[in-house]
Amino acid sequence: MSLVHRPDVPAMSPADDAELADLLEMLKADDWPEDLFEGREFYDQWGTPVAADVRVTEREVGGVPAYLLTPPDADPERIGIWLHGGGYVFGSQTSHGSMVAEAARSAGCAFLHPQYRRAPEHKFPAPVEDAVAVYAALLDEGRDPASVVVAGDSAGGGLLLAALLAVRDRGLPVPAAAAVVSPWTDLAGTGETFTTKEDIDPLLSRSVVDDVAEAYLAGNAPETPYASPHYGDVHGFPPVLIQVGEREMLHSDSERFAAKLAAAGSPVSLEVWPGMVHVWHLHHSRLAKAREALARLGAFLREPGTAAPGEGARNEGTS
């Protein structure tokens, strides 16, 4: 497997170190509620307002409520879909809308932000069904799949990859490109860093991950491919960019899925960002590294041909 296709991930500067230290102090002060429903409200508090120059409109796409975020000078011929994270339990337009808007700006096209059904009210496979329905509806509208890009973070990243499995299996054409941030691809939690990085991950813990997985799976085996794409056949995927932070429990999920894509002959680029936490992009108002990562993600979605088929692009910055 050939390595190093994309430019190196930007190294940390003293200013980046100071910003990260401030963020880690802020995260340390947060006391996550034990109740899942209280956790939703807590999670939404991390959200920041959508930039004033991004137009936000409510839509229903494929029967799924969604927000359409349109930045200035968006290419009307292209569109993106972003599936938010939150362990299939948390996450919404309130928590993620600002980040999705900046991803749309960077990618140069409007992004749909579906508010897919969440556990525990709606368990697996409801979110997968919603994600596929949104994509299929765009095709039914006459959209060329080559003009559609898709993205997601954390559980939304895993959901996106699972939806790509389902799209392919149903005989639908795949989108032009996919980008995932800190994707949760293995709900069984078999990756090495679930153990080795739990102590340095300020956002995730094994107990929280297990709780939301149980709420979502509702008795289904975590190795089910549409729940955990790590266990699926990934042949025929579009070009995929994976960005993950060095501090993450889910680091292994990204590493192993990138290797899986490369082994299947699917084009993949992997970026491991020094010092970064789970979905640091959400903190784009605080971290220059978040803004840099969003810029690179958008550039990839504009020009996804940065990793040749059958080759894995692995880039690990160093502190």
Note the listed values (i) 64, 51, 43; (ii) 48, 43, 42; (iii) 66, 41, 33, then indicate which one is Cα extents along the principal axes in Å calculated from this particular structure. (ii)
How do 111-120, 255-264, 200-209 rank on mean C-beta neighbours within 10 Å, highest first? 111-120, 255-264, 200-209
Sites D8 and T190, calculated FRET efficiency, Cβ-Cβ separation with R0 41 Å, nearest 0.05: 0.90
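Per-residue ellipticity at 222 nm for the chain, helices alone: DSSP H runs ≥ 4 residues times -39500 (n - 2.57), over residue total, nearest 500 deg cm²/dmol?
Result for the chain, helices only: -11500 deg cm²/dmol.
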Row for the range 234-293, column shape: gyration tensor on C-alpha, a ≥ b ≥ c, rounded if a/c < 1.5 i.e. under 1.5, prolate if a/b over b/c, else oblate; value prolate
Shape call for the range 144-292, from the Cα gyration tensor axes a ≥ b ≥ c (a/c under 1.5 means rounded, otherwise prolate when a/b beats b/c, else oblate), comes out oblate
Suppose we keep just the DSSP beta bridges with both residues in the chain; what percent of those would be antiparallel, to 5? 30
Per residue, how much accessible surface does the range 100-225 expose to a 1.4 Å probe? Answer in Å², no decimals. 33
Quick check: from the Cα gyration tensor, does the range 84-206 come out rounded (a/c under 1.5), prolate or oblate? prolate
Sorted peptide list for 38-47, 97-106, criterion being average Cβ within 10 angstrom, highest first: 97-106, 38-47
To the nearest 0.05, what FRET efficiency results for E223 and W32 with a Förster distance of 25 Å applied to their C-beta separation? 0.35
Over the chain, relative contact order from alpha-carbon pairs under 8 Å, at least 6 apart, %: 22
What is the dipole size for the range 93-198, taken about its Cα centre, with +1 at each Lys and Arg Cβ and -1 at each Asp and Glu Cβ, in debye to the nearest 20? 60
For Cα pairs less than 8 Å apart in space and 6+ apart in sequence, what is the mean separation divided by the residue count of the range 11-88, i.e. the relative contact order in percent? 15
Length added when fully stretched, D75-S207, from 0.36 nm per residue minus Cα-Cα: 43.2 nm
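Which order do the peptides 20-33, 287-300 take when ranked by the mean count of other beta-carbon atoms within 10 Å per residue, highest first?
Ranked from most to least packed, the peptides come out as 287-300, 20-33.
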Roughly speaking, to the nearest percent, how much of the chain's 1.4 Å accessible area is carbon and sulfur? 51
Positive-end extreme of charge dipole, the chain - chosen from P120, A176, M249 (charges on Cβ): A176
Evaluate the relative contact order of the range 1-147 (contact order divided by residue number), counting alpha-carbon pairs under 8 angstrom at least 6 apart; express in whole percent. 24
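The values are calculated or read from the model by the stated rules, or taken from the named source; none is laboratory data. Everything numeric in this text was worked out from a predicted model, so none of it was measured. Glycine also receives a Cβ, built like all others from the backbone with ideal geometry; neighbour counts cover every protein chain displayed. Calculation scope for accessible area: heavy atoms of the full protein, side chains included, ligands and nucleic acids excluded. Shrake-Rupley method; radii C 1.70, N 1.55, O 1.52, S 1.80 Å.
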